[in-house]
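Participant: Got a structure for you, questions after.
Derivation of every value follows stated rules applied to the coordinates shown; laboratory data play no part. If you're wondering where the values come from, they're calculated on a predicted model, not measured in any experiment. Here the Cβ positions follow ideal geometry from the backbone for every residue, glycine too, while neighbour counts run over all protein chains shown.
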Amino acid sequence: MQKTTHMKKWLLMLAVASFMLGYVSCSNDNDETSASLALIPAPQGVSVKAGHFKLTRRAAITLDTSNPELIAIAQYFNNKIVPATGFDVPVEKHGKIEFKLTEDTSLGTEGYHLLVKRGDITLTANKPAGIFYGVQTLLQMLPPEIKSSTKQENIDWTIPCADITDKPQFPWRGMMLDVSRHWFTKEEVKKYIDELAEYKMNVFHWHLTDDQGWRIEIKSLPRLTEIGAWRAPRVGQWWQRERQQPGEETSYGGFYTQEEIKEVLAYAAERYVRVIPEIDVPGHSVATLVAYPELACMKAPDAVNVGNKFYGEDENTLCIGKDFTFEFMDKVLTEVAALFPDEYIHIGGDECFKGFWHKCPDCQARMKAENLKNEEELQSYFIHRMGDLLKSKGKKLIGWDEILEGGLTPDATVMSWRGMEGGIKSAKAGHHVIMTPSEHCYLDLWQGEPSVEPDTYSMCRLKDAYSFNPVPDGVPADMILGGQGNLWAESLPTFRHAEYMAWPRGWALAEVLWSGPSKTNWEQFYPRVEKHFERAYYAQINYARSMYNAIITSRYNKEGILEIKLESEPGNLDIYYTFDNTDPDNFTPKYHSPLQVPKDATWLRVVTYRDNRPIGKVITLTIKELEKRAGKRE
Ligand code: ACM
Ligand code: ZN
């Protein structure tokens with residue numbers, strides 16, 4: 001007895017030791033092999049094995065055919081592979097690929113376990129959403145040609161053998177699209193949803209109204225879309241556009257009928273994407289006031305805004321003094337709440353200029369009657385009433401962090417965009433928070449050297465998106481639902497350009513939000529991004545290669561001499577430059593340390609190379625521009 005126990009102990013120790021050894025070698029293996037799979041977002045646990053599974057029509061998928069969600073996921077998988085492979089994988093009784101729901105609650109509602117062996121694949125999850133995310137992983141393990149919309153010949157459709165256990169860090173992994181500043185069709189919106197779902201994002205925030213267009217049919221308020229959805233056509237710089245002229249046709253715009261919205265909602269639901277509508281009030285309301293001038297404080301503007309130039313001149317806020325405003329909001333939110341199944345409705349609340357309220361007799365009367373000290377409290381009063389209205393319809397309110405001003409509405413969820421401060425304060429006060437600080441999450445900003453980027457402002461590089469941590473120290477982590485990328489559309493005249501701005505920064509956010517900020521590793525991330533460029537190429541999805549362009553910074557040193565620093569975002573590109581007005585290449589000087597400007601030079605030209613081939617754009621900056629960027633001499 002004694003001896004057996006001793007033996008057992010010894011055996012146990014041996015087992016533990018070999019497990020630990022196995023674990024160590026497996027985790028060593030991990031980095032290298034997970035890199036070889038190039039999955040975005042990186043899964044929580046991967047071990048790649050020798051060999052592969054060959055995907056053919058004969059593989060067949062087995063699942064519980066009484067579960068329509070599993071059948072729909074198999075259909076989704078087939079829709080993704082048929083164009084490139086030319087075959088589908090039917091659902092059959094004894095297939096080699098099994099989708100299986102289990103009682104494994106450790107996987108949560110979105111986690112999955114994917115085991116790929118030479119002869120079969122088993123994908124298990126606690127809920128269908130987990131099966132859907134396992135399918136995304138499986139699709140990413142196929143060669144990049146799988147993304148093509150035309151049949152690809154002579155490709156081995158193989159999936160490397162692997163054992164993957166995965167689940168997300170955050171429940172809210174979002175991407176916003178502004179469809180007001182520029183109009184995107186229903187099909188384009190679907191494409192955006194499809195693209196974000198492939199990276200395991202699960203929230204589509206739909207910014208449906210703003211000064212430049214009201215985009216959702218409200219049946220009880222038809223002028224919102226008859227009038228508010230249309231503006232004069234303009235191209236060129238958003239901030240420089242000429243107002244709509246008298247008699248000019250309002251030919252630019254569009255809106256979604258409620259039937260079209262239902263179609264988008266069904267499409268999103270098939271991809272396990274929640275859709276959060278935003279009705280941006282009480283500011284950002286030029287289009288609304290043009291449609292229903294009774295909502296203005298004193299004088300409604302006479303045309304939907306074509307750009308961003310007229311703030312503080314044209315009224316763009318709903319009057320909080322008039323009862324009509326609350327009747328209007330009741331009608332809007334009743335229809336929105338009936339249409340959108342999600343528990344949340346976003347009511348905006350951002351950047352509300354309060355100058356008109358200050359001058360408006362009705363607003364001032366409301367402040368007096370409600371004992372409100374200032375216009376901030378008037379905004380808070382309005383948001384409170386919107387919170388009550390939504391509650392009566394079984395919905396919860398989300399607002400931008402300005403809703404903190406004048407007192408936060410009970411139960412409101414805060415979307416923090418002006419940095420993290422509003423989010424931190426709200427989380428500490430017991431409110432749920434979605435972090436979207438502009439410095440990490442604003443996908444409308446430049447993503448590389450501005451002189452070679454399409455027009456916009458400020459900077460949010462791929463690395464800035466990737467270094468996002470939605471849970472700063474000292475914040476109650478359980479109050480942070482997650483984060484999202486915000487794609488504002490002031491400078492997005494086409495959907496193709498929207499994609500350019502969304503990817504790869506959206507992939508970086510997808511990884512932060514799924515894998516978790518503690519798991520991120522830039523050195524391993526950008527090579528995976530490069531592999532996804534290839535996938536995007538086959539899919540004909542636009543993306544930005546801005547990370548390859550040199551980062552050029554200038555400053556005055558202690559002696560007051562201009563010094564120029566050249567870097568690359570990947571960190572390992574070769575950078576060549578000229579000051580002599582010739583094109584830089586790998587035979588012109590190579591950058592090693594900060595440069596000083598040779599006498600009489602007018603321009604600096606810079607280009608990045610990898611393996612003796614150009615990879616970034618040629619950047620040309622005047623020395624004057626570099627002086628300007630350097631700021632004042634010390
Ligand atoms: C915002 O960017 N105005 C939320
Ligand atoms: Zn007013």
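Participant: Could you work out the Rg to Rh ratio of the stretch 62-149, with Rh taken as the Kirkwood radius (inverse of the mean 1/r over all Cα pairs)?
Facilitator: A ratio of 0.95.
Participant: From the convex hull of the Cα coordinates of the stretch 57-105, what is the mean projected area in square nanometres?
Facilitator: 3.8 nm²
Participant: Provide the convex hull volume over Cα atoms per residue for the stretch 166-237, in Å³.
Facilitator: Output value, Cα hull per residue: 133 Å³.
Participant: Expressed in nm to one decimal, what extension gain is obtained for the pair Arg385 and Ser220 from 0.36 nm per residue of sequence separation less their Cα-Cα distance?
Facilitator: Extending this stretch completely gives an extra 57.3 nm.
Participant: Near the amide H of Gln244, under 5 Å away, which other amide H atoms are found, from residues 5 or more places off or on another chain, if H is placed in the peptide plane?
Facilitator: Close amide H contacts, sequence-distant or interchain: Val306.
Participant: To continue, here is another question. Ordered by residue, what ³J(HN,Hα) values in Hz, to whole numbers, does the stretch 319-332 give under the Karplus form 6.51 cos²θ - 1.76 cosθ + 1.60, where θ = phi - 60° and Gly and Pro are x?
Facilitator: Result, rounded to whole Hz: 6, 8, x, 8, 5, 4, 4, 6, 5, 4, 5, 4, 4, 4.
Participant: Follow-up. Helix-derived [θ] at 222 nm for the chain: sum -39500 (n - 2.57) over DSSP H runs of at least 4, divide by residue count, nearest 500?
Facilitator: Roughly -10500 deg cm²/dmol at 222 nm, from the helical runs in the chain.
Participant: Same structure again: Could you tell me how many cubic angstrom of Cα convex hull volume the stretch 105-255 has per residue?
Facilitator: Taking only Cα atoms, the stretch 105-255 has a hull volume of 182 Å³ per residue.
Participant: Please give the Cα centre distance for the stretch 322-380 versus the stretch 100-119, rounded to the nearest Å.
Facilitator: Each part reduced to its Cα centre gives a spacing of 47 Å.
Participant: Among Met459, Met141, which comes first, then next, by fewest other beta-carbon atoms within 10 Å?
Facilitator: Met459, Met141
Participant: Oh, and also: Hey, fewest Cβ within 10 Å first, where do Thr494, Thr225, Thr325, Thr165 land in order?
Facilitator: Placing the least packed residue first, the sequence is Thr494, Thr165, Thr225, Thr325.
Participant: Related question: Along the stretch 49-64, what does the Karplus equation 6.51 cos²θ - 1.76 cosθ + 1.60 (θ = phi - 60°) give for ³J(HN,Hα), rounded to whole Hz, x for Gly and Pro?
Facilitator: 10, 5, x, 8, 9, 9, 7, 9, 4, 6, 4, 6, 10, 10, 7, 6
Participant: Regarding the stretch 442-544, what whole-number volume in Å³ per residue does the convex hull of its Cα atoms give?
Facilitator: That works out to 117 Å³ per residue.
Participant: Would you calculate the separation in nanometres between label points at Lys49 and Thr250, each defined as 7 Å from the Cα along the Cα-to-beta-carbon direction?
Facilitator: 6.3 nm
Participant: Which whole-angstrom value gives the distance between the alpha carbon centres of the stretch 501-522 and the stretch 59-89?
Facilitator: Cα centres, the stretch 501-522 to the stretch 59-89: 28 Å.
Participant: Could you give me the ³J(HN,Hα) list for the stretch 128-142, computed from phi with Karplus coefficients 6.51, -1.76, 1.60 and θ = phi - 60°, whole Hz, x at Gly and Pro?
Facilitator: Once θ is set to phi - 60°, the couplings for the stretch 128-142 become x, 4, x, 4, 4, 6, x, 5, 4, 4, 4, 4, 5, 7, 7 Hz.
Participant: Rounded to the nearest 5, what % of DSSP beta bridges with both residues in the chain are antiparallel?
Facilitator: 50 percent
Participant: Another one. Which pairs in the list Lys127/Lys151; Lys49/Lys96; Lys309/Lys428; Lys590/Lys628 are over 30 Å apart, alpha-carbon to alpha-carbon?
Facilitator: Lys127/Lys151; Lys309/Lys428
Participant: Further question: Give the order of Asp280, Asp580 when sorted by the count of other beta carbons within 10 angstrom, beginning with the fewest.
Facilitator: Neighbour counts put them in this order, fewest first: Asp580, Asp280.
Participant: Counting only C-alpha contacts under 8 Å and six or more residues apart, can you give the relative contact order of the chain as a whole percent?
Facilitator: Dividing the mean separation by the residue count of the chain yields 11 percent.
Participant: A further question follows. Percent of alpha carbon pairs in the chain separated by more than 34 Å?
Facilitator: Value for the chain (Cα pairs over 34 Å): 51 percent.
Participant: For the stretch 499-580, with equal point scatterers placed on the C-alpha atoms only and solvent neglected, what are the log10 I(q)/I(0) values from the Debye formula at q = 0.16 1/Å, to two decimals?
Facilitator: Debye output, listed in q order: -0.76.
Participant: Here is a further query. Taking the Cα centre of each part, how many Å lie between the stretch 140-178 and the stretch 560-589?
Facilitator: 37 Å
Participant: Next question, about the same structure. Would you pull out the residues with amide H under 5 Å of Thr413's amide H, same chain only if 5 or more places away, H placed 1.01 Å from N?
Facilitator: Those qualifying (amide H under 5 Å, at least 5 residues apart or on another chain) are Leu397, Ile398, Gly399.
Participant: Please report the equivalent ellipsoid semi-axes of the stretch 138-207, computed as sqrt(5 x eigenvalue) of the Cα gyration tensor, largest first, in whole Å.
Facilitator: 29, 20, 5
Participant: Length gain on complete extension for the stretch Thr105 to Lys309, per 0.36 nm per residue less the alpha carbon to alpha carbon distance?
Facilitator: Contour length minus the Cα-Cα distance gives 68.1 nm.
Participant: Checking a compactness column here: for the stretch 260-346, what do you get for Rg(Cα) / (2.2 N^0.38 Å), N being the number of residues?
Facilitator: Dividing the Cα Rg of the stretch 260-346 by 2.2 N^0.38 Å gives 1.29.
Participant: Taking amide hydrogens as modeled 1.01 Å from N in the peptide plane, which residues meet the under 5 Å criterion relative to Lys49, leaving out close sequence neighbours?
Facilitator: Here the answer is Cys161, Ala162, Asp163, since their amide H atoms fall under 5 Å of that of Lys49.
Participant: Whole-Å semi-axes of the stretch 545-634's equivalent ellipsoid, largest first, each the root of 5 times a Cα gyration tensor eigenvalue?
Facilitator: Output for the stretch 545-634: semi-axes of 22, 14, 11 Å.
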